[in-house]
Amino acid sequence: MAKRRKKRDKNFLLQGSILAIAGVITKIIGVVYRIPLTNIVGNEGMGYYSVAFSIYTIALMLTSYSLPLAVSKLVSARVAVGQYKNAYKVFRCAMMFAFAAGGLVALAIFLGADFIATSVMKMDMSVYALRVLAPCILVVAILGVLRGFFQGNGSMMPTALSQVLEQVVNAAASIIGAYLLLNTGRDLAETRGDASYGPAYAAAGGTVGTVAGAAFALITVVFVFIVYQRVFKRKMWKDRSRKKESYSRIYQILFLTIAPVILSATVYNISDFLDTAIFNNIMAAQGYQKTEYASFMGIFNSQYNTLVNVPLSVSSALAASLIPSLVTTVQTGSRKQVHNKISMVTRFNMMIAIPCAMGFLILAKPIMDLLFYEGDNRMAALMLQLGAVSVIFFCLSTVTNSVLQGLDDMMTPVKNAGISLLIHTLSLFLMLVVFKWNIYAVVISKIVFSGAICILNAHALRERIGYVQERRQTFIIPLLASGIMGAVTVVVHLIFELFAGEKIATVVALFAAVFVYGAALVLLGGVTEDEVRSMPKGRMILSVCHRLHLFRN
């Protein structure tokens, strides 16, 4: 029994690592393609691009964001007890919901794009990008159900593969679309006498990649599903479970699962929409030109958010892999096993989030200059330094949200996110109106939001299952290792900058940071040999560690 449990834990870590690696790859591709995209579209165009995406994100919250999590949760609960026929009914019901909700919301966004862009967001030129994005809402909803079905069956590979392919197609199509439509927009600008048509059309061209990438990912996952369906049908044929759930019952359970997740996700992610709307309206009221505050928001989304979202993607991937595994453990295991699973994924998150935050703090300007070399990056670098700590809070809150949902405590994350959102909105308004901190108010308010969720979720977990996060290996050792990494990285960067220039110095310093942090983490006892062995390529990494005598015998 102990061996089987240990094997399940290793598989959970492996599956989570697969999604995490895919998340990192997609974010690296995202960072890389954002460089030429930003250079083509410009800060003003990226402002229009970000406004369209803030609306698009809310639409996804209402239609598809909850589907992978809800479907994986319900499917895994049935697969764990051998109810494969009921699991397939969950899939079919979720697919019907995806078609209905995704189709209706996509149509509403497409038809109402002009009103939303002009009256709500105060950026009329974002209407073109918003209309291009609208059909993607339906595509992503269907894709979410298929990904959730595979995750519920314990396989993260289809999700990981489709995410990488989606981002590759997205990158290529975004750059090509932005370049072609920029020229179209410039021609239109000459005839209509408004230079903003160039950036606006370029932003719309950039969103073409999102639609193309999602469509390609859907085709990929549908192909995998067709192949896997034969295997699953054999499992259904062997299903001898007496419990036969009706479709009406499945729909009821699905809606009861989706509704709190939608509420939680919407409250959790609506902050981007509110930030943009509040910021744009206050900036307009304070006398700023549309092109000015569009540029500020463009820098925030195209540079600051692009980098911050790299570690957050790892956190989201690990959280997604935690849900099915946690549901199974809750049904078949003890409270101690549940605690161990939560501790494992939280530690993994902090091992990544804390050094990333330290890296952003000490190398913000060099990293920005390396990636976004066309303009003055002082504002973007200061944003990254101010917001570095939010990486830790957001990663931690993402995991605790998923844990509470996996424990069937669906409303607590909604309540906690709602309270945090209220605090966040009030603080943002105060910083914009009273202190006039401009775009930096948005960055700092994110820290307030994510920090409040962490505190409230930690209290909820303690009350719900008596869980208190271990501190030494989770926070203290990664923080000490990051401090050592930071000191060495600064010295390495200074030395190489003198002899090889800033860009080469930054690249060398980043490689040195990864190596020093990994070595320091092992030497300080932040990770065990078994944990390293459980990672992808773990045996190879462990062999290197042994050669360097990092593990104490």
Selection from the range 438-461 of residues that are more than 25 Å from the chain's Cα centre (by Cα) and at pLDDT 95 or above = none
Which condition number in (1) touching a residue at least 40 places away in the same chain (Cβ under 8 Å); (2) in contact with a Phe, Trp or Tyr (Cβ under 8 Å, 6 or more places away or on another chain) is the one that Leu396 fails?
-> (2)
Just wondering, is there one or more residues in the range 67-78 that are open to solvent by 40 Å² or more (accessible area, probe 1.4 Å) and part of a helix (DSSP H, G or I)?
-> no
Among the residues listed as Leu494, Leu498, Leu479, the single one being within 30 Å of Arg335 (Cβ to Cβ) and either part of a helix (DSSP H, G or I) or modelled with pLDDT of 95 or more (or both) | Leu479
Residue in the range 502-524 that is nearest to Glu470 (Cα to Cα), counting only those that are open to solvent by 30 Å² or more (accessible area, probe 1.4 Å) and either among the aromatic types (Phe, Trp, Tyr) or not in a helix (DSSP H, G or I) (or both) | Leu524
Members of the range 208-236 found to be modelled with pLDDT under 90, open to solvent by 40 Å² or more (accessible area, probe 1.4 Å) and more than 19 Å from Gly144 (Cα to Cα), listed by number | Arg230, Val231, Lys233, Arg234, Lys235
Among the residues of the range 354-372, is any in contact (Cβ under 8 Å) with a residue 12 or more places away in the chain and not in a helix (DSSP H, G or I)?
-> yes
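Quick one: would you say Val261 is in a helix (DSSP H, G or I), crowded, with 19+ Cβ neighbours inside 10 Å and either touching a residue at least 12 places away in the same chain (Cβ under 8 Å) or hydroxyl-bearing (Ser, Thr, Tyr) (or both)?
The answer is yes for Val261.
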Working only within the range 89-131, note down all residues that are open to solvent by 40 Å² or more (accessible area, probe 1.4 Å), in a helix (DSSP H, G or I) and not aliphatic (A, V, I, L, M).
-> Lys89, Arg92, Phe99, Phe110, Asp114, Phe115, Thr118, Ser119, Asp124, Tyr128, Arg131
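Residues checked against (1) farther than 19 Å from Thr26 by Cβ; (2) of a type in the set (Asp, Glu):
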{"residue": "Thr184", "(1), (2)": "yes, no"}
{"residue": "Glu190", "(1), (2)": "yes, yes"}
{"residue": "Ser196", "(1), (2)": "yes, no"}
{"residue": "Tyr201", "(1), (2)": "yes, no"}
{"residue": "Gly205", "(1), (2)": "yes, no"}
{"residue": "Gly209", "(1), (2)": "no, no"}
{"residue": "Ala212", "(1), (2)": "no, no"}
{"residue": "Ala215", "(1), (2)": "no, no"}
{"residue": "Val222", "(1), (2)": "yes, no"}
Checking Gly148, Gly154 in turn, the sole residue that is open to solvent by less than 40 Å² (accessible area, probe 1.4 Å) and not in a helix (DSSP H, G or I) turns out to be Gly154
Determine which member of the set Met379, Met344 is assigned to a helix (DSSP H, G or I), closer than 29 Å to Val71 by Cβ and either among the aromatic types (Phe, Trp, Tyr) or in contact (Cβ under 8 Å) with a residue 40 or more places away in the chain (or both).
-> Met344
Checked pairs for the range 42-63, first within 17 Å of Gly144 (Cβ to Cβ), second of a type in the set (Asp, Glu) and surrounded by fewer than 24 Cβ atoms within 10 Å (Cβ to Cβ), C-beta under 8 Å and 6 or more apart or across chains, list as Thr57/Asp272
Go through the range 174-207 and count every residue that is assigned to a helix (DSSP H, G or I), aliphatic (A, V, I, L, M) and open to solvent by 20 Å² or more (accessible area, probe 1.4 Å).
-> 5
Can you name every residue in the range 426-484 that is touching a residue at least 60 places away in the same chain (Cβ under 8 Å), closer than 30 Å to Leu523 by Cβ and open to solvent by 40 Å² or more (accessible area, probe 1.4 Å)?
-> Glu470, Gln473, Phe475, Leu479
If you check Tyr251, Tyr288, Tyr247, which single one turns out to be without any contact (Cβ under 8 Å) to a residue 40 or more places away in the chain, open to solvent by 30 Å² or more (accessible area, probe 1.4 Å) and not β-branched (Val, Ile, Thr)?
-> Tyr288
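The values are calculated or read from the model by the stated rules, or taken from the named source; none is laboratory data. Because the structure is predicted, anything quoted here is derived from the model rather than measured. Here the Cβ is made from the backbone with ideal geometry for all residues, glycine too, and neighbour counts use every protein chain on show. Only protein heavy atoms, including side chains, enter the accessible area calculation; ligands, DNA and RNA are left aside. Shrake-Rupley method; radii C 1.70, N 1.55, O 1.52, S 1.80 Å.
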